[in-house]
Amino acid sequence: MYEMHVGIAVSGARPVWHVVAHGQRATLCGRPFDPEEDTQTDHHCLPCMTAFQRRMQTSEPA
């Protein structure tokens, strides 16, 4: 299962939504995140979204 958490973009420019595997302390793009952070944004981390898309395309059906 995957969750969305807000964290700083890879570029460090702004907060973005990152994809995080359940129970992990790092995003799919490798950035650490603070699960307690309560920031809002309309932007998404492109490296996380690309990694998530690849995982969904290669995963076996349950």
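Each value in this text was obtained by applying a stated rule to the coordinates, not by laboratory testing. In this text, all values refer to a predicted model and were calculated from it rather than measured experimentally. A quick note on method: Cβ atoms are made from the backbone with ideal geometry, for glycine too, and the neighbour counts reach across all protein chains shown.
Summary table
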item: HN-Hα J in Hz across the range 21-36 - Karplus 6.51, -1.76, 1.60, θ = phi - 60°, x for Gly and Pro; result: 5, 3, x, 9, 10, 9, 7, 5, 8, x, 7, x, 9, 9, x, 8
item: Of T50, V6, F33, farthest towards positive along the dipole that unit charges on Lys, Arg, Asp, Glu beta carbons give the chain; result: T50
item: Separation of the A26 and L46 label points, Cα + 7 Å toward Cβ, nm; result: 2.2
item: Shape category assigned to the chain from the gyration tensor of Cα positions, a/c cut at 1.5; result: prolate
